[in-house]
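Have a look at the structure below, then the notes.
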Amino acid sequence: MEALIPVVNKLQDVFNTVGTDIIQLPQIVVVGTQSSGKSSVLESLVGRDVLPRGTGIVTRRPLILQLVHIDPEDRRKSSEENGIDGEEWGKFLHTKNKIYTDFEEIRQEIEAETQRISGNNKGISNEPIHLRIFSPHVVNLTLVDLPGITKVPVGDQPKDIELQIRELIFKYIFNPNSIILAVTAANTDMATSEALKVAREVDPDGRRTLAVVTKLDLMDAGTDAMDVLMGRVIPVKLGLIGVVNRSQLDINQKKLVADAIRDEYAFLQKKYPSLANRNGTKYLARTLNRLLMHHIRDCLPDLKTRINVLASQYQSLLNSYGEPVEDKSSTLLQLITKFAAEYCHTIEGTAKYIETTELCGGARICYIFHETFGRTLESVDPLGGLTTIDVLTAIRNATGPRPALFVPEVSFELLVKRQVKRLEDPSLRCVELVHEEMQRIIQHCSNYSTQELLRFPKLHDAIVEVVTSLLRKRLPVTNEMVHNLVAIELAYINTKHPDFADACGLMNNNIEEQRRNRMRDLPSAVPRDKAAASGAQSGAASEQTDGGTGNWRGMLKKGEDGQATDRAMLHANPHKGYAVNLLDVPVPVSRKLSSREQRDCEVIERLIKSYFLIVRKNIQDSVPKAVMHFLVNHVKDCLQSELVGQLYKTGLLDDLLTESEDMAQRRNEAADMLKALQKASQVIAEIRETHLW
C-alpha cells in the first residue's frame, strides 16, 4: 500500500513531460484563509523552512509539493549518481534536472518563479509550480498549496481578487480524486470557517474533507478547543486534527521545525492529554499518508479506464494527422481518388460518415426534386394571374373584325402559353438548389470523410476550386436544357394529346347536358322547336338591352342618339366645331357577361386548366431527369478525371502537399501524449502485477 503514492508520483512525472493536466491524479489540496497557518502546516510536514513568508497574499501560484520518503540505501545510491552532498534535496520541474540541497535557495526559487509569471504586484496565476522534496524524514504525500482566501483587495491587487482565488481553488477541489485539507485557526469561530464552507460546496457529504485546526496555543485564556477537536461544533467525517504552529517570533529566531514539533507534543500532553495521541503534526502526516493511499487505491480503476479511453482517442487523432509524406506522387493521387470516391458516395448515400442532423447529398437532392420542386409546381394555379376579362379580351382579339360563331382556337393557345411559361422560374430554381447542394457536398467531404485534406490546405483549396469550376461550367448547360424543356412545351400545343382529348370530350358532354337541362326547364306551353328561336330573340333583346354596357349593337345605338344630341348642340352654337374620337370612349373594366360570353370564358378556362395540368406533369417529370443527366451524373462521371487532369502534375506536387504550419507540431504533441498515456498504462499494469492494487 505504501508504494502506491510513489506510483502516483511516477504517473505525475509521465504527464508532466507533456505539460498537461488532462488526467486528474489523487492529491491533497490545502485550502484556508490568509494567515490561517497553511504554510506552517506544510512546512511542518516537510520538516524544513521551504515556503515564502510575508504579510498579505504570499502564495500567488499553486504549488504542487510532492514529498518522497527515501531509505538510507536509496539516499546513498542517489548521492553517488547525482553527486548530492546531503540527505535531503529538492527538484523543480521548470529547472529540469537541477538539484537543490539548500532549502533557502528553494524558497528563493519559488519567489522568483512566482514573480516571473505573476509579476511584482499581488496578482495570482493559474500556472502551477512543481516541487519535489526527497527526505528520509517525510512520508509520501502529494500536496497542493493554494492562495489564501481573501475578501478585500489590498494595494494594487485586482478588484476581483476574491473571485479569482475562488475560481482557482474550485479548479483543484472539483477534482473528485482530490482530498480537501481545510485549514482553520483555532482562535476563530469554526462556524464561520471559509475553508469548510468552500469544501462543503463541492463535497457536501464530507467524504473527502479533513479539517485541520491550527494555532491551538493562541486561544483566549480560559477557553480551549476540546469541543472543536471532538467534532461537537462542526462534525467532519474524515476527522479534525489540531496542531500548534511556530509563531512569527519563532520563525524570526530561526527555530527549527523539529524543535517546534517537540514543543507541540509537550503542549498537547499538557493541555489536551486525552487527545494528544490523535492530534499534532506527526499524527497529521500519518493520517494524510493513510488517507491518500486508500484514496489512490479507490481511484485507480477509474483512472485506468480514463487512461485507456484517452489513449484510444489520441491514437485516432494521430492516425488522422497521418505520417510524413514520402512518396508525394502516390499520396496526391490517393487523396484525389479518395475525395472523388467520397463525393460520389455522398450523392449515392453510401458514404462512410452519414449525417444524422440534416439531409445531405443525394437525399437532399431527392428532397429538392420531390418535395421542394414538386410542391412549388403544385402550388402554381393553372389560372393564376388570368381574369375573366383577360380571357374575354383574348377571345375578341382572336376574332378580328368579324363576330365569331365559335370560340377561336388561337385565343386558347395564346392564353395557355402564357400560363405554361410560369413553370420556367420554379424549374430554374430547382436547378439552382441542386447546384447549391452539390457545392455543400464539397465541404461535407472535407469535414467528415477526408480529414487528411486538412493536413494540406493548398491541396484542399485546389480541389474545392476544381470541383466548383466543374459545377459552374455545368450550370448554364443544365439551365439551357431546362429552358428548352419549357420552350418545347410552348412550341407546339398538342390538342390531340390523349389526356387533353378525353378532357375535351368530357367537357362537351357536360355542355350538352347543361343545354338539355335548360330545354327541360322551359314551360310546357312553349313548343320545343320554337324554344331555340325564342332563345335567339331573347338573346338579341338582351344584347340590345345591354347596349350601354359594351355590346357592339348597344354602342351603335348609343352612337345614333349621341349624333342627334350633337346636331342639336351644333344648331344652338353654329360656331363650335364638331369631332368625335372613338378611342376616347371609356371601356369599363368589369361588367356582367352575357350568357354566351360566360359560356365561352368557361370553356377556355377549363381547356387551359386541363392542358396546363398535362404540361405541369411533364415538367415535373422531365426537369429532375434533365438535372440528373446534365449536372449530377455528369459531375459524378467526370470528377475523377477532372481532378487528375488539373492537379496531378509534377510541377504542383511540392506546393499542393505542403502541410499547414501547425500540423507537424500537433502531430508531435499527439504522439507525445500517446506515449505518455501508454507509459501510464504500463505503470498501472505494474501495480496489478505487484499486487499493490
| remark: Residue pairs within 7 Å by beta carbon, gap of at least six or interchain, first lying in the range 228-256 and closer than 18 Å to LEU268 by Cα, second among the charged types (D, E, K, R), listed first then second, are VAL243/GLU264; VAL244/ASP217; VAL244/GLU264; ASN245/LYS215; ARG246/LYS255
| Regarding THR356, is this residue modelled with pLDDT of 85 or more and surrounded by fewer than 20 Cβ atoms within 10 Å (Cβ to Cβ)? | no
| What number of residues in the range 123-165 are in contact with a Ser or Thr (Cβ under 9 Å, 6 or more places away or on another chain) and part of a strand (DSSP E or B)? | 5
| task | Hey, can you tell me all the residues within the range 166-192 that are open to solvent by 10 Å² or more (accessible area, probe 1.4 Å) and assigned to a loop (DSSP other than H, G, I, E, B)? | result | PHE174, PRO176, ASN177, ALA186, ASN187, THR188, ASP189
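Could you grab me the full set of residues in the range 649-683 that are among the hydroxyl-bearing types (Ser, Thr, Tyr) and either in contact with a strand residue (DSSP E or B) (Cβ under 7 Å, 6 or more places away or on another chain) or more than 29 Å from SER316 (Cα to Cα) (or both)? Before you say what the answer is, go through the steps one by one.
Restricting attention to the range 649-683, the residues satisfying the condition of being among the hydroxyl-bearing types (Ser, Thr, Tyr) are 650, 658, 660, 681.
Once the filter is applied, which keeps residues that are among the hydroxyl-bearing types (Ser, Thr, Tyr) and either in contact with a strand residue (DSSP E or B) (Cβ under 7 Å, 6 or more places away or on another chain) or more than 29 Å from SER316 (Cα to Cα) (or both), the range 649-683 yields only THR650.
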| query | In this structure, does VAL486 turn out to be buried (at least 20 other Cβ atoms within 10 Å of the Cβ) and within 17 Å of VAL420 (Cβ to Cβ)? | reply | yes
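Going by what's in this entry, would ILE389 be described as surrounded by fewer than 17 Cβ atoms within 10 Å (Cβ to Cβ), at pLDDT 80 or above and of a type in the set (A, V, I, L, M, F, W, C)? Show your work before the answer.
Numbers: surrounded by fewer than 17 Cβ atoms within 10 Å (Cβ to Cβ): yes; at pLDDT 80 or above: yes; of a type in the set (A, V, I, L, M, F, W, C): yes.
Spelling it out, ILE389 is indeed surrounded by fewer than 17 Cβ atoms within 10 Å (Cβ to Cβ), at pLDDT 80 or above and of a type in the set (A, V, I, L, M, F, W, C).
Quick one: would you say SER178 is touching a helix residue (DSSP H, G or I) at 6+ places or on another chain (Cβ under 9 Å), of a type in the set (Ser, Thr, Tyr) and more than 23 Å from LEU291 (Cα to Cα)?
Values: touching a helix residue (DSSP H, G or I) at 6+ places or on another chain (Cβ under 9 Å): yes; of a type in the set (Ser, Thr, Tyr): yes; more than 23 Å from LEU291 (Cα to Cα): no.
Spelling it out, it is not the case that SER178 is touching a helix residue (DSSP H, G or I) at 6+ places or on another chain (Cβ under 9 Å), of a type in the set (Ser, Thr, Tyr) and more than 23 Å from LEU291 (Cα to Cα).
Which one of these is of a type in the set (S, T, N, Q) and more than 30 Å from VAL486 (Cβ to Cβ): THR372, THR388, THR337?
Values: THR372 fails: more than 30 Å from VAL486 (Cβ to Cβ); THR388 fails: more than 30 Å from VAL486 (Cβ to Cβ).
On inspection, the qualifying residue turns out to be THR337.
Let's see how each residue does on (1) of a type in the set (Lys, Arg); (2) farther than 17 Å from ALA211 by Cα; (3) out of contact with any strand residue (DSSP E or B) (no Cβ under 8 Å at 6 or more places or on another chain); (4) modelled with pLDDT of 85 or more:
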| position | (1), (2), (3), (4) |
| --- | --- |
| LYS122 | yes, yes, yes, no |
| GLU127 | no, yes, yes, yes |
| LEU131 | no, yes, no, yes |
| SER135 | no, yes, no, yes |
| VAL144 | no, no, no, yes |
| ILE149 | no, no, no, yes |
| VAL154 | no, yes, yes, no |
| LEU163 | no, yes, yes, yes |
| VAL183 | no, no, no, yes |
| remark: For the range 193-212, the count of residues that are assigned to a loop (DSSP other than H, G, I, E, B) and open to solvent by 60 Å² or more (accessible area, probe 1.4 Å) equals 3
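Residues TYR343, TYR283, TYR314, TYR367: which one is open to solvent by 10 Å² or more (accessible area, probe 1.4 Å) and in contact (Cβ under 8 Å) with a residue 60 or more places away in the chain? So that I can check it myself, show each step before the final result.
Details: TYR343 fails: open to solvent by 10 Å² or more (accessible area, probe 1.4 Å); TYR283 fails: in contact (Cβ under 8 Å) with a residue 60 or more places away in the chain; TYR367 fails: in contact (Cβ under 8 Å) with a residue 60 or more places away in the chain.
Every option except TYR314 fails the conditions.
Given the structure, is ARG599 in contact (Cβ under 8 Å) with a residue 60 or more places away in the chain and surrounded by fewer than 17 Cβ atoms within 10 Å (Cβ to Cβ)?
Numbers: in contact (Cβ under 8 Å) with a residue 60 or more places away in the chain: yes; surrounded by fewer than 17 Cβ atoms within 10 Å (Cβ to Cβ): yes.
Yes, satisfied.
The values are calculated or read from the model by the stated rules, or taken from the named source; none is laboratory data. In this text the structure is predicted, and so the values were computed from the model without any measurement. Neighbour counts are summed over all protein chains in view; Cβ atoms, including those assigned to glycine, are modelled from backbone coordinates with ideal geometry. All accessible areas refer to the heavy atoms of the entire protein, side chains included, with ligands and DNA or RNA removed. Shrake-Rupley method; radii C 1.70, N 1.55, O 1.52, S 1.80 Å.
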